[in-house]
Each structure stands twice: as structure tokens, then as C-alpha cells.
Amino acid sequence: MFIRHTQFGSVEASAIMDAGKRAIRAVPPAFPLDATVAVNPFLGQTGQDFTSAGIRLLRSAGVSLTMTGSHYEAEIAAGRITDEDLAAALETSSAAKKPGRLEQLKELAKHECPMPKAAPTVADLAAAISGIDWPSIIEKTIGLWASGYFDRGQALWSCAPGQQAFTAWRSWASRDLTPEIAGLTGFCAHVSQAPDTSEQAILKASDRLKVNPQAAEILFHRLIMDLGGWAQHARWLLWRAEQEGTCDGTLGDLLAIRLLWEDALLNRYPEIEGQWEATLELYSAPLAPRRIQVGYEILQDAAERAYLRGLSANLAGAAPQAEERPILQAAFCIDVRSEVFRRALEGQSQGIETLGFAGFFGLPVSHRDHGSDVAESHLPVLLKPALDSNSHGSADSEKTTRIKARAVRALGRFRQAAVSSFAYVEAAGLVYAGKLLKETLGFAERGASCSPAPKLYPALSADQKAATAATILKAMSLTSNFARSVLLVGHGANMRNNPHQSAYQCGACGGHSGEVSARLLATLLNDADTRAGLSAHGIVLPSDTRFVAALHDTTTDEVALFDSDCAGTKDEMECLRNWLLRAGAEARAERAVRLPGASAVSVADRALDWSQIRPEWGLSGCAAFIAAPRHLTAGASLDGRAFLHSYDWQSDADLKTLELIMTAPVVVASWISLQYYGSTVAPDVFGSGNKLIHNVVGGIGVVEGNGGRLRPGLSWQAVHDGERLAHAPLRLSVMIEAPEEAILSILGKHPEVRDLFENGWLHLFTLKDGLVSKRYRPGGQWSEEQSVDLAA
């Protein structure tokens with residue numbers, strides 16, 4: 001597609017549009033608040049090596065992918081990064097501009113790199129010459145329109161429902177006098193005279209701005225990044241559409257909007273044309289690293305080697321696996337918060353064994369809760385639902401629940417309406433005094449939901465039940481030596497007054513708690529048809545084995561048992577509850593050390609405190625992913641920093657389980673790790689800012705203050721305790737006990753996973769006999785890692 005009366009020919013126009021498509025793909029999606037999940041902010045750059053991506057993001061977003069020199073200097077001075085770590089990182093670096101000696105590398109840490117600045121836009125150049133803050137004006141006016149256009153039910157009035165974004169914005173902007181009042185004369189007419197479609201507008205504006213195909217991609221990426229979370233929300237719309245087999249052009253519309261602003265400003269300030277042409281050359285320039293950037297990346301690698309050294313020394317090593325029947329088996333989500341509780345629970349008895357598995361427990365369900373017809377995807381966002389379930393109860397209970405929900409919604413609308421909101425505050429203010437006092441003093445109710453047991457609908461046949469159960473048990477590496485009681489522990493997080501609450505829930509359950517998945521699997525594995533059919537799949541369940549669903553509240557470290565869903569003796573359940581209570585107390589005591597102002601006694605109360613900005617640390621500190629039998633890590637304190645997935649490669653002949661682990665849990669863990677990384681090293685772009693001044697917009701995200709850019713990512717309080725970083729920005733170290741050839745075969749089948757390791761976004765290691773054995777190197781090579789006898 002191309003525009004008539006432009007300097008572009010069809011080939012050049014096609015190249016410009018292709019550059020726009022690539023720029024759109026360079027932006028990560030941001031999921032709405034009702035089901036927020038961690039997203040890799042560098043998702044669009046994983047096809048590039050870490051260094052090149054860093055240069056690109058410096059130009060397009062004004063961020064660095066490493067910490068400042070003072071950070072590394074402090075780590076070296078404290079002895080956390082040793083000369084051995086620095087020397088190893090320096091030796092393995094292939095960068096042409098790397099320091100020649102260790103002393104030169106350490107000297108680089110003492111030199112602060114100037115604050116990164118993105119390549120200028122026309123708005124930046126116009127602001128410099130006019131004294132008018134055009135970037136801020138653009139941010140606020142687009143933000144004001146976008147907050148209404150993208151609203152998901154928070155606003156009482158809808159803005160242009162059903163219209164495409166570009167059309168809706170043109171209608172809005174052609175009547176908005178804010179730009180003209182600020183000094184951009186004729187902007188409304190400029191918008192009215194713009195082409196009708198975003199594709200035509202992109203080409204026409206690019207023509208006037210003299211954008212060539214070589215500069216287009218980075219420039220377009222720069223303009224899209226200027227829009228912050230609005231662009232990332234639009235990218236989510238495209239993500240969702242593509243999952244459903246369709247397409248969405250909203251992000252292209254936003255690019256057109258931003259280009260029209262650039263065009264208008266260049267027309268208003270023709271004296272900056274020379275500066276703009278020189279800037280276009282910067283956008284076209286090759287991505288070449290500077291010496292200090294190379295040095296910082298080597299220092300970052302040294303910091304990650306320092307963590308690996310400590311982790312290797314801390315692992316318990318190849319302890320013999322117990323052969324007698326366990327008293328209790330408990331399968332937890334691989335979430336790093338489970339590691340602390342698992343270790344505490346195992347300490348209650350030598351007969352307790354824990355396992356790690358993705359928190360959706362292998363059931364890709366779309367679930368409808370009690371009294372609701374809203375379908376929630378309880379599975380990783382990388383997957384599509386394949387099963388349907390609901391927690392619908394009796395007709396009377398459903399009717400009562402729905403009536404209550406409608407009453408609450410009606411009251412909420414009444415409270416927000418333009419006129420009634422004032423009368424409501426005057427008339428009902430005192431009614432809320434008791435509730436406010438109760439929550440302030442920590443007396444609010446908490447606990448797991450009381451929804452009816454979820455059920456699959458339509459129900460599976462006997463053969464389907466057995467096949468599904470066998471697949472899940474094999475993926476969990478749980479096919480023999482079953483205990484009498486097997487806990488299936490999902491996790492959730494209780495907290496108050498937190499718009500990002502869903503981000504603390506189970507990421508493998510799509511930002512929901514793991515209760516539904518755990519209860520569904522327990523019901524499936526206790527089913528008579530399932531148990532009868534498992535033997536055909538080579539799995540024999542003892543007749544006295546019972547599966548019990550549970551929910552671990554990661555904020556309070558309390559565990560709720562759904563033992564009413566299955567049959568079990570009272571004495572067994574009482575013993576199990578006592579173990580869980582004691583384990584919870586130990587886990588709270590360990591977590592309290594890291595939480596500012598918390599104690600072992602008070603840490604659980606943070607879940608009820610509506611003023612608490614840090615109810616828990618979430619996944620802050622995550623640094624490793626270990627797929628291996630539990631006996632290799634049992635007994636080692638991993639400080640709640642490792643994702644632990646149970647895996648026995650010797651029982652995985654067809655490598656199906658290894659493939660599943662590397663293409664789903666590892667990828668999800670990388671999204672989590674890199675989101676924390678991005679929110680720490682570049683909080684102004686990839687973080688959501690100060691939680692104290694957040695305002696929810698449209699039910700999709702937050703802004704700081706009363707408007708402007710939507711802020712995706714983690715708040716500063718989620719990675720910083722007020723005095724120092726609570727999250728050490730490290731790329732994830734993935735450690736798998738499996739032959740190197742098996743791992744390479746999986747990487748060969750999944751290039752998007754291989755890119756994560758090939759391009760330096762993650763580290764990959766093999767384990768052998770309890771030792772860190774080999775490190776993956778670009779090009780599908782393995783290098784020997786200096787072995788530390790972990791069992792010594």
C-alpha cells in the first residue's frame with residue numbers, strides 16, 4: 001500500500017511499512033490489571049544479541065541494559081564480585097572493545113557513564129528551540145484520549161465505542177484546542193486534513209519528515225516507546241487477536257498518531273529541518289557499542305558469575321534418594337516463593353517429600369467462577385485453553401450470588417456518577433467508618449474462597465481422564481512410590497488496596513490463584529475411572545493414596561486445605577494441618593528478615609493492611625531455574641531465589657517432558673526474571689514508578705498522578721526497600737540435569753527458545769551428579785564449568 005503524490009515509490013513505501021511492522025513487534029505486550037502477568041520487556045529484542053539490543057534501546061528509549069558503574073564498584077568493594085569472577089567474565093567476552101587487563105575493567109567501574117538519552121524526536125528539537133515542553137504536551141493529550149478510548153468498564157461513559165483507534169483519535173483531536181493554545185497553530189485543521197487510514201497517514205507523514213527506510217525502524221520504535229504503556233496495551237490487543245487467529249491494527253494507529261504530531265511540529269518550526277536531517281542520520285547509523293558499554297556488560301556477567309559461584313557452593317549435592325514410601329508428598333508451583341515454604345515443610349519430618357511443577361498443574365482451562373459467566377484463562381499466557389470448567393453451584397446459590405454482584409456494581413456506579421457521588425459521600429460516609437477502622441487495625445477477614453468445587457464441563461470420558469492424568473503425572477516426574485497423602489498446592493496472594501494484586505497471583509495460571517487448577521487435578525486423580533485407567537499408561541496408584549488440593553497464600557504463608565473435596569481420615573488431616581502451621585511459622589520468620597518493618601509475628605498482617613506498599617516481595621530476587629530431582633537441592637537454603645521444577649531425565653525417554661519444561665516453564669520464568677531486571681535497570685521506562693501516586697486508568701493500568709503515560713511493569717517499591725535494591729538485577733541461570741545432546745535437540749526444534757541463550761538473555765548450564773557441569777556457549781557449544789564438589 002502506498003500514497004499518491006509522495007516521493008515514495010511502491011518499493012520504498014513497502015519498505016517503510018515493513019519497518020513499521022518490525023517496530024510494532026519490538027514492543028512487549030502489557031496485560032490488563034484483572035489478569036496481570038509478568039512480561040519480558042525485551043520480548044521484541046530477544047532475536048538480537050544483548051549488546052545490539054542495548055544500543056537499539058539506548059536510541060529508541062534512552063535506557064541502558066546494565067546498572068551504573070557505581071553499582072558494580074560497590075559490589076566489588078564489598079567482595080561480592082571477586083577478581084576470579086571478573087577475570088572469567090573478561091576472558092569469555094568476545095567483544096572487540098573489551099578492556100585488555102583486569103585492572104582496566106575495574107577502572108571502568110569507577111567511571112560513571114553519562115545518563116543515557118534517546119535519539120531526539122521532532123518534538124524534542126521543537127521544545128529546545130521554542131521553550132515549550134512539546135513531549136510533555138503530547139504525552140498528556142494522547143494519554144487523556146487513550147484513557148477514554150481503551151477503557152474496560154471503569155468509566156461511566158464510553159469514548160467512541162466500536163471505532164478504530166485512528167478514526168476515534170482524529171475525531172477527538174480535530175476538536176481538542178489544547179495543542180493550539182500551547183502554540184501549535186492549525187493543529188486541528190492538520191488532523192482533519194490527514195488521510196483517513198493509519199497506513200496512509202504513516203506514509204504521508206514519513207514523506208514530509210523525509211524518513212528513509214534505513215532510519216524508519218528505529219525512529220518508529222522511538223515514537224512508539226514515547227507512548228509508554230498505551231503502546232504496550234495496544235501490543236497486548238494484537239497478541240490476543242493473534243492467539244484467536246485474527247489481527248489488530250491499534251498499535252499501527254498509535255504510530256500514525258505520533259507521526260502526525262511530528263509532522264505538525266516540523267511544519268510549525270521549519271528552522272529545525274537541518275537538525276532533523278542530521279538526526280535521521282543517527283537513526284540510520286549502525287548499532288556499534290562503545291567501550292564503556294562493553295565494560296559494563298562484562299561487569300554484569302561477572303555479577304552473574306558471582307551469584308552462580310555462591311549457588312554452586314550452597315547446593316546440597318547428589319544426596320541419595322530415599323527409597324521408602326514417603327509419609328507425605330506435596331507438589332508446589334515452581335514459583336520462587338514456594339522454595340522457602342517447601343524447605344520449611346520438609347523440615348517437619350524426614351518422610352515429607354516436595355515436588356515442583358507449573359502452578360496450572362497441566363490443565364489448560366478456561367474457567368467460569370461461581371455466579372459469573374466471565375471466562376478466565378487459568379494457564380500460561382503462552383498457551384490457549386483446551387478445557388472448560390466452572391464453579392457453578394445450585395440454581396439458588398447462583399441466583400443469590402449474581403444478584404449480590406449486580407447490587408455491588410450498581411452501588412459502584414452510583415458512587416462514581418457525576419451528581420450522585422457528592423450526595424453519596426455526605427449520606428453514607430459514616431457507614432464506612434467501621435469498615436475503615438476494621439481494616440486499619442488489621443481485623444479484616446482473609447482466607448481462601450468458599451466457591452463450590454470446580455468441575456470440567458463437558459466432563460471427560462474415562463479414557464480421556466486416564467490419558468490426561470498420566471500425562472500430568474509423567475510431566476511431574478511422579479509415577480511411582482506414591483505417599484498416602486499427596487498435596488497439590490496452588491498459590492495465591494491476599495492483599496488490600498493494590499491495583500497490581502493479580503501480578504502477585506500465579507503467573508502460570510494467567511494472573512489468577514492456583515486454587516481452581518489444584519482442585520480440578522485433585523478431583524481428577526481421585527476419580528475411580530482415572531485410577532482404573534492409569535495402569536494402561538504404566539502408572540499404578542495405591543488404593544490408599546489420596547490427592548488433596550490446597551492453596552498457599554504467599555503473603556501470609558498460610559495453607560488452606562480443600563479436604564472436603566475428597567475422602568480422608570480426620571487424624572491424617574489433623575497431622576497435616578499441624579505440619580503446615582509449623583512450616584508456615586518458619587517461612588514467615590525467614591521472610592520477615594527481608595521485609596522492612598516486619599517481624600515473624602506481624603508479617604501475615606501485611607495482607608490486611610490497606611496502606612501497605614510492600615505486602616510481600618513477590619518474586620523479587622529471582623535468579624535461577626533448576627530442573628532436576630528434588631534430592632539434588634533438598635536441604636540447601638536457596639533463599640527464595642530459585643524456580644524449582646522436578647525432573648528426572650532418565651524416565652523421560654522421548655524427551656517430551658524436557659521439551660515441555662524448556663518451552664513453557666523456562667520461558668515463563670524468563671519473562672518474570674527479565675521483567676524484574678528491566679524494572680530495576682531501567683525503571684523510568686520499564687517500571688511503573690512510585691506506587692504512592694498511582695491512579696488506576698480504565699481498568700487496564702496505572703498512571704503516576706492525574707494523567708500522562710500509562711506505566712507498565714513493576715513499581716519502584718517492588719524492587720527497592722527504600723534504602724537499597726531488594727532485587728539484584730541478574731539474568732536468569734537455567735540449570736538442567738540432562739545430557740547436553742538432549743538439550744541441544746530441544747533448542748534445535750525451538751529457535752525462539754534457543755535465542756534466549758544464544759543471544760545472552762539467559763544463561764544455560766547442565767548438572768551432573770550434583771555438580772554444575774557445563775555452560776552453553778553461542779553456536780550450540782558447551783564449555784566446561786569449573787566444578788565445585790557440591791556434596792563436599
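The values are calculated or read from the model by the stated rules, or taken from the named source; none is laboratory data. Note that the coordinates shown come from a computational prediction; the quantities given were computed from them, not determined experimentally. Glycine gets a Cβ as well: all are built from the backbone with ideal geometry, and neighbour counts include every protein chain shown. Surface areas here come from the heavy atoms of the whole protein model, side chains and all, with no ligands, DNA or RNA. Shrake-Rupley method; radii C 1.70, N 1.55, O 1.52, S 1.80 Å.
Across segment 452-459, computed HN-Hα scalar couplings (Karplus, 6.51 cos²θ - 1.76 cosθ + 1.60, θ = phi - 60°) run x, 4, x, 9, 6, 9, x, 5 Hz from first to last residue, x flagging Gly and Pro. For segment 272-282, putting each phi into the Karplus relation 6.51 cos²θ - 1.76 cosθ + 1.60 with θ = phi - 60° gives couplings of 9, 4, x, 5, 5, 5, 5, 5, 4, 5, 5 Hz, in residue order, rounded to whole numbers and with x for Gly and Pro. Restricting attention to segment 1-148, the count of lysine pairs at 8 or more positions apart or across chains with alpha carbons under 22 Å apart stands at 6. Heavy atoms of the protein chains alone define the surface here; on that basis the chain has 42 Å² accessible area per residue at 1.4 Å probe size. With N counted as the residues of segment 247-387, its alpha-carbon radius of gyration over 2.2 N^0.38 Å works out to 1.92. Bridgeable aspartates and glutamates around Lys691 (alpha carbons under 17 Å apart, same-chain partners fewer than 8 residues away excluded): Asp609, Glu616, Glu704, Asp721, Glu723.
Each Lys and Arg adds +1 at its Cβ and each Asp and Glu adds -1 at its Cβ; summed about the Cα centre, segment 529-595 shows a dipole of about 180 debye. In summary, the aspartates and glutamates within cross-link reach of Lys404, defined as a Cα separation below 15 angstrom excluding same-chain residues under 8 places away, comprise Asp369, Asp373, Asp396.
Of all DSSP-defined beta bridges confined to the chain, some 40% are antiparallel rather than parallel. Using the alpha carbons alone, the radius of gyration of segment 328-376 stands to its Kirkwood radius in an Rg to Rh ratio of 1.17.
Under 5 Å between amide hydrogens, built in the peptide plane, is the criterion, and for Asp388 it picks out Ser366, Tyr457 among residues at least 5 positions away or on other chains.
Ellipticity at 222 nm from helices only: DSSP H runs of n ≥ 4 in the chain, each -39500 (n - 2.57), divided by the residue count, give -13500 deg cm²/dmol.
Among the listed values [x] 83, 73, 51; [y] 115, 72, 52; [z] 122, 62, 53, the one matching Cα extents along the principal axes in Å as calculated from this structure is [x]. Around the amide H of His720, modelled in the peptide plane, lie the amide H atoms of Ala726, all under 5 Å away and 5 or more residues distant in sequence or on another chain. Near Leu747, once Lys and Arg are set to +1 and Asp and Glu to -1 for all other residues with Cβ below 13 Å from its Cβ, the sum equals -3. In vacuum, with every alpha carbon of segment 165-279 counted as one equal point scatterer, what does the Debye formula give for log10 I(q)/I(0) at q = 0.18 Å⁻¹? Two decimals, please. Those come out to -0.99, one per q.
For Asp301, the solvent-accessible surface with a 1.4 Å probe is about 20 Å², rounded to the nearest 10.
Annotation: amide H of Ser715 within the under-5 Å range of Ser688, sequence separation 5 or more or interchain, hydrogens built in the peptide plane.
Think of the chain as having a plus end and a minus end, set by charges on the Cβ of Lys, Arg, Asp and Glu; of Leu660, Ala216, Ala302, Ala216 sits farthest toward the positive end of this dipole. Of the accessible area of the chain, computed with a 1.4 Å probe over protein heavy atoms only, carbon and sulfur atoms account for 54 percent. For trypsin sites (Lys or Arg not before Pro), the sites in segment 195-227 that DSSP calls loop and that have at most 13 other Cβ atoms within 10 Å are Lys210. Over all other residues within a Cβ to Cβ distance under 13 Å of Ala201, the charged ones net out to -2, with Lys and Arg as +1 and Asp and Glu as -1.
The angle separating the long axis of helix 10-25 from the principal Cα axis of greatest extent in the chain is about 40 degrees. Each residue of segment 180-197 is assigned a 3J(HN,Hα), and the resulting list reads 5, 5, 6, x, 9, 4, x, 5, 4, 5, 4, 5, 4, 8, 5, x, 6, 10 Hz, derived from the Karplus form 6.51 cos²θ - 1.76 cosθ + 1.60 (θ = phi - 60°), x at Gly and Pro. Ranked by solvent-accessible area (1.4 Å probe, protein heavy atoms only, all chains present), the residues Ser517, Ser637 order from largest to smallest as Ser637, Ser517.
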